[in-house]
Amino acid sequence: MTLPEWFAGSSEEAGFLRLVLDHVSDCLVAVDTAGTVVLINEPYCRLLGGEADDFLGRHVTDVVGPQTKLHFVARGIGSHVGYPLEVRGHKLVTKQVPVHRDGKIIGAVGLALFSDYDALKKTYSRISKAELAIPQNPKTWQSKFSLGDIIGTGELMDSYRDAIKVAAAYEVPVMICGETGAGKELAAHALHVLSDKRAGPFVWVNCASIPNELIEAELFGYEGGAFTGARSQGKPGKFELAAGGVLFLDEIGDMPLSLQGSLLRVLQMNEIVRVGGTSPISIALSIVCATNKPLLELVKVGRFREDLYHRLNVLPINVPPLRDREDIPYLADRLLARIAGRLLKPTPNLTARDRKLLLGYTWPGNVRELENALTRMIITGQLSIAVGQPSSGSAQQDTTTPLKQRIRSQIENEIDGALKQTQGNKSRAAELLGISRAHLYRLLEEKAAE
């Protein structure tokens with residue numbers, strides 16, 4: 001094999017390089033910008049049935065065949081990876097790329113990624129099987145919280161935790177009802193940890209976040225080629241992933257009515273059929289659902305199946321709204337310590353006025369809103385429950401001041417505190433305030449225009 005001038009070097013280096021290229025098991029050929037073969041290794045010569053001298057100096061289309069694109073690549077016209085090529089009856093999968101020197105294309109190299117087409121098919125089959133095997137053992141689908149993470153004291157919270165313990169002791173569907181931000185998902189995690197299914201996966205899916213046209217495939221999986229864009233090897237759904245464990249269906253009230261019948265059959269028969277499939281797949285798992293909507297009202301207006309409602313509502317758990325709890329200051333103290341630790345900040349102390357403010361607010365966003373308020377307190381140094389309410393360190397509110405002006409003043413105080421905390425970085429300040437950067441800019445423009 002003769003090496004082109006690309007590989008200029010000592011005779012010893014050239015000899016070693018020739019030896020390496022001839023020992024590469026895959027076929028390799030190189031051409032100059034005219035498409036003339038300037039390098040070809042021993043495996044390619046064997047495939048072509050000749051010696052290197054038989055092919056060097058000839059145009060690549062005469063050597064390999066007219067279907068090659070290597071002479072175009074050598075002129076800077078594209079490149080090809082995974083390009084199928086048939087040479088002397090052998091099916092190859094090739095890589096054809098240009099060769100650059102000093103920023104200029106001086107030729108191209110063609111390499112057979114697979115010189116044995118059957119070997120390629122076997123390799124692809126092994127990869128496909130390995131890919132399918134990964135989600136069948138979903139170690140990442142595990143519960144992250146336990147009953148101890150449900151913070152609270154008093155009779156109401158004790159009764160709530162007892163209801164979770166009772167539900168976890170039986171393999172029947174559980175319905176968790178509660179307002180947004182009250183902690184429904186936390187209860188679902190705790191149920192899994194307490195149940196006999198705790199060694200199995202905890203798989204969750206938010207029924208409200210998945211487009212209606214995709215939710216069936218997301219839950220039940222699909223066979224290869226079941227629809228446009230489907231993976232050729234198919235994909236297991238959430239029911240299969242949750243086998244032996246718990247499937248948590250959050251926002252069940254948003255499940256399309258057309259799919260509710262399929263869910264009812266799963267609960268009755270303990271089997272699913274993939275989209276595009278023909279054979280049922282037996283599954284054994286526990287179902288936990290959650291909703292912030294009045295399902296009975298949805299049943300009355302025909303948006304939720306009554307038979308499915310009764311099938312799911314075997315052991316209902318009602319998450320107490322924050323406004324009904326008397327332990328809000330205790331909860332706030334615990335959350336302050338946790339949030340401050342996460343932010344690497346000192347834990348502030350709640351004053352008597354702060355505690356009164358916490359107990360007097362209605363908390364429409366429940367625990368999630370409380371966490372946000374406490375986070376702002378740690379960052380800005382003042383407790384602001386809602387827009388228009390006083391801060392713990394502020395003077396007595398002037399009730400004669402118009403409400404709109406008081407609201408504007410509170411907003412400006414929070415913005416100033418966030419900008420001070422972030423040293424004027426508006427993007428980070430917007431994140432701390434929980435608003436978009438564009439929203440923050442609008443507020444700053446309004447402030448400047450006053």
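Just so it is clear, none of the values below were taken in a lab; they were calculated from the coordinates. Only a predicted model underlies this, so the values are computations on that prediction, with no experimental measurement involved. Note: ideal-geometry Cβ built from the backbone for every residue, glycine included; neighbour counts use all protein chains shown.
Let's test the formula: R0 of 22 Å, r as the Cβ-Cβ distance of Glu51 and Asp102. What FRET efficiency results, to the nearest 0.05?
0.10
Mind listing which trypsin sites (Lys or Arg not before Pro) in the range 61-112 are in a DSSP loop and have 13 or fewer other Cβ atoms within 10 Å? The partial results should precede the final answer.
Details: sites: Lys69, Arg75, Arg88, Lys91, Lys95, Arg101, Lys104; in loops: Lys69, Arg75, Arg88.
Here the trypsin sites (Lys or Arg not before Pro) that fit, given the DSSP loop and packing criteria, are Arg88.
Report, by chain and number, residues whose modeled amide H sits under 5 Å from the one on Arg58, excluding near sequence neighbours (fewer than 5 apart, same chain).
Amide H neighbours of Arg58, under 5 Å, 5+ apart: Val37.
Hey, with R₀ at 30 Å, roughly what FRET efficiency would Lys144 and Arg437 work out to, going by the Cβ-Cβ distance, to 0.05?
Details: r = 30 Å, r/R0 = 1.01.
According to the calculation, E is roughly 0.50.
Can you list residues from other chains, or at least 5 along the same chain, whose modelled amide H is less than 5 Å from the amide H of Ile317?
Excluding prolines and chain starts, which carry no amide H, the hits are Met175, Ile176, Cys177.
Just subtract the alpha-carbon distance of Asn313 and Leu17 from 0.36 nm times their residue separation and send over the number in nm, one decimal.
99.2 nm is the gain from fully extending Asn313 to Leu17.
Among DSSP bridges having both ends in the range 147-320, what percentage is antiparallel? Round to the nearest 5.
15 percent
Hey, what's the Cα Rg ratio for the range 225-326 versus the globular rule of thumb, 2.2 N^0.38 Å?
1.26
Between beta-carbons, use under 11 Å as the cut-off and find the net charge around Ser286, counting Lys and Arg +1, Asp and Glu -1. Before the final figure, lay out the partial values.
On the way: positive: Lys197, Arg198; negative: Glu171, Asp196.
Local charge sum for Ser286: 0.
Label-point separation (nm) for Thr153 and Leu359, each offset 7 Å from Cα along Cα-to-Cβ?
Each label point lies 7 Å from its Cα, and together they span 1.3 nm.
Starting from the Cα-Cα distance between Gln67 and Ala199, subtract it from 0.36 nm times their residue separation and give me the gain in nm to one decimal.
The Gln67-Ala199 span can extend by a further 41.9 nm.
I'd like the Karplus ³J(HN,Hα) series for the range 320-337: coefficients 6.51, -1.76, 1.60, θ = phi - 60°, whole numbers in Hz, and an x wherever there's a Gly or Pro.
Calculated HN-Hα couplings, in order: x, x, 4, 5, 8, 8, 9, 9, 4, x, 5, 4, 4, 4, 5, 5, 4, 5 Hz.
Run a plain Debye calculation on the range 18-64 (Cα atoms as equal point scatterers, no solvent) and give log10 I(q)/I(0) at q = 0.15, 0.19, 0.24, 0.30 Å⁻¹, rounded to two decimals, same order as the q list.
-0.32, -0.51, -0.80, -1.15
So for the range 147-320, Kirkwood radius off the Cα pairs, Stokes-Einstein at 10 °C and 1.306 mPa s: how many µm² s⁻¹?
Here the translational diffusion coefficient equals 95 µm²/s.
Each residue of the range 342-359 in order: what ³J(HN,Hα) in whole Hz does its phi give by Karplus 6.51 cos²θ - 1.76 cosθ + 1.60, θ = phi - 60°, with x for Gly and Pro?
Result, rounded to whole Hz: 5, 8, 6, 10, x, 7, x, 9, 7, 7, 4, 5, 4, 5, 5, 5, 4, 6.
Quote to one decimal, in nm, the extra length available between Lys293 and Glu213 on full extension: 0.36 nm per residue of separation minus the C-alpha distance between them. If you can, show how the numbers build up before the last one.
On the way: separation 80, 0.36 × 80 = 28.80 nm, distance 2.21 nm.
Here the answer is 26.6 nm.
Would you mind checking which residues have amide H under 5 Å from Trp204's amide H? H placed 1.01 Å from N; only 5 or more apart, or other chain.
Correct list: Phe248.
With θ set to phi - 60° and the Karplus curve 6.51 cos²θ - 1.76 cosθ + 1.60, what are the ³J(HN,Hα) couplings of the range 99-109 in order, to the nearest whole Hz, using x for Gly and Pro?
Rounded to whole hertz, the list is 10, 10, 9, 6, x, 10, 6, 10, x, 8, 10.
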